[in-house]
Amino acid sequence: GIAMRRGELLCAMSVLSLATAMASRSQRGALSRGLSLLPGVGRNPAPADNAALAFSLVSALPAALRNSRSLCASGRPRPQLAPMRVALRPLTMQAQGEAQAPAKQAGGAEEGLRRNFISNMIEKDLESKLHSSIVTRFPPEPNGYLHIGHAKSICLNFGLAKEYGGVTHMRFDDTNPVKEDQEYVDSILDDVRWLVSDSVGGADPWSGKVRHASDYFDTLYEAAVYLIKNGKAYVDSLTADEMKEYRGTLKEAGKDSPYRTRSVEESLALFEAMKNGEVDEGVHIVRMKIDMSSPNIKLRDPAMYRVRKATHVMTGDKWCIYPMYDFAHCISDAVEGITHSLCTL
């Protein structure tokens, strides 16, 4: 029941991800379009269950790759191709024979839809008046083309917002100018339009303008200064190898950096020097002061800011420091009023 359905679906996603990784750059964007040309896949398939869809996708991969290669032969894939359409229905992992409760109507949700913990959470929030409507977001990093994991996130965030009468923000988490490019931005926007609106040239399916984490760089900087002033962050000067050593392992606790006890004044002065371009890359970073002995290795004083002396697509040469993705992501959600920050694996 539970294990089989989940395993089969994850197997299909894994194979699709592998095939995408093995394809050339130009083929990656066309792989899903190649799937859309296959009989029974590209024309509103209605498989009996998730397993059937998983196996149909896996068995279709060779032909899909051939289609994607032919599409790429003349350049960018043709935008008029019909996308692979799968009904946006929440997956319910329940034991075999277990009775399924009917879904309630809440915030515009269709009666009879199978429910899951995400839908339950949204409906509870709407019923309790915690939120009057929902706002989700799709926040890719503009450092590559979209892959199957992005498609899952698009379907989840845009699908649930549509189901509950909410909206979705389109935001680029552009926090690393070294790896980002306008080509990826244009490609991602085209693919989101194609997947959600059925056409590259269709109306934008997101709410309002395209947003960027870089829109909030001033706010993020002020947040970092606030945390340093309140003893919740510090400037660290360990080398990369030393940081790895001090971090510990999954089985062994980490240990405090000798710079963890730096005074607030010294950390603020160093952070200002980083901001003004007076510090080389890799010399200092700003870290959250959380817990180096935490069993969750991600909470062992994660990095917040680092020096990157590179021109940013949106902000030019204004900044010499850039926030880390994990730090910028949650604050950007808060600034935009995102009610449900739904992240996929």
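The values are calculated or read from the model by the stated rules, or taken from the named source; none is laboratory data. Keep in mind that this is a model prediction, so the values were computed, not measured. Neighbour counts run over all protein chains shown; Cβ positions are idealised from the backbone, glycine included. The accessibility values were calculated without ligands, DNA or RNA, using every heavy atom of the protein model including side chains. Shrake-Rupley method; radii C 1.70, N 1.55, O 1.52, S 1.80 Å.
Can you tally the net charge around SER133? Count Lys and Arg as +1, Asp and Glu as -1, for every other residue whose Cβ sits under 15 Å from the Cβ of SER133. Every neighbour counted, the sum reads -1. Rolling a 1.4 Å probe over the protein chains gives TYR145 an accessible area of about 50 Å². Quick check: from the Cα gyration tensor, does the stretch 302-345 come out rounded (a/c under 1.5), prolate or oblate? Judged from the Cα gyration tensor, the stretch 302-345 comes out prolate (a/c at least 1.5, a/b above b/c).
Taking 0.36 nm per residue of separation and subtracting the Cα-Cα distance, full extension of the segment from VAL335 to GLU222 would add 39.4 nm.
If a spin label sat at a point 7 angstrom from the Cα of ARG260 along the line to its beta carbon, the backbone N atoms of the stretch 292-329 nearer than 19 Å would be those of 292-305. Here the gap between LEU130 and ASP181, fully extended at 0.36 nm per residue and compared with their Cα-Cα distance, gives a gain of 14.5 nm. Taking label points 7 Å from Cα along the Cα-to-Cβ direction, VAL283 and CYS343 give a separation of 3.2 nm. If you take the square roots of the eigenvalues of the alpha-carbon gyration tensor of the stretch 196-341 and sort them as a ≥ b ≥ c, do you get rounded (a/c under 1.5), prolate (a/b over b/c) or oblate? In terms of gyration-tensor shape, prolate.
Label positions at ALA203 and PHE117, each projected 7 Å from the Cα along the C-beta direction, are separated by 3.6 nm. Peptides 249-255, 221-227, ordered by how many other C-beta atoms sit within 10 Å of their residues on average, highest first, read 221-227, 249-255.
What separates the Cα centres of the stretch 169-229 and the stretch 284-345 is a distance of 15 Å. Amide H contacts of TYR305: VAL286, MET324, each under 5 Å away and 5 or more positions distant or on a separate chain (H built 1.01 Å from N in the peptide plane; Pro and chain starts excluded).
For the residue pairs LYS124/LYS209; LYS179/LYS309; LYS229/LYS309, alpha carbon separations beyond 20 Å are given by LYS124/LYS209; LYS229/LYS309.
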